[in-house]
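Everything on this sheet refers to the single structure shown next.
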């Protein structure tokens, strides 16, 4: 009986940690646009578990994540050498003489 209780306790603990979501109440932006209330993953020190992170699926809307979070070091797509143009797929290396005006 004691083992059965421990198994159920472990399952409950595992499930409660795995589904740690936070409800965000609806609000009005400064431009008057209303943002509906929604669930988000609990705040932590990584972006990889966010619903809109590339490869994840939002369990409430079934939408696939498409955000790379290239400006966040916890993202596997992070690149500190990314050009300021967010739509550019090229990267610049600050130590490369041809890309840096400091060496000219």
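The values are calculated or read from the model by the stated rules, or taken from the named source; none is laboratory data. Predicted, not measured: the structure shown is a model, and the values here were computed from it. Here the Cβ is made from the backbone with ideal geometry for all residues, glycine too, and neighbour counts use every protein chain on show.
What residue, of 49, 99, 21, is modelled with pLDDT of 60 or more, at negative phi, over 12 Å from the mean Cα position of the chain (by Cα) and surrounded by 11 or more Cβ atoms within 10 Å (Cβ to Cβ)?
21
Quick one: would you say residue 39 is in contact with a strand residue (DSSP E or B) (Cβ under 8 Å, 6 or more places away or on another chain), surrounded by 11 or more Cβ atoms within 10 Å (Cβ to Cβ) and in a loop (DSSP other than H, G, I, E, B)?
Judged against the criteria, residue 39 is not a match.
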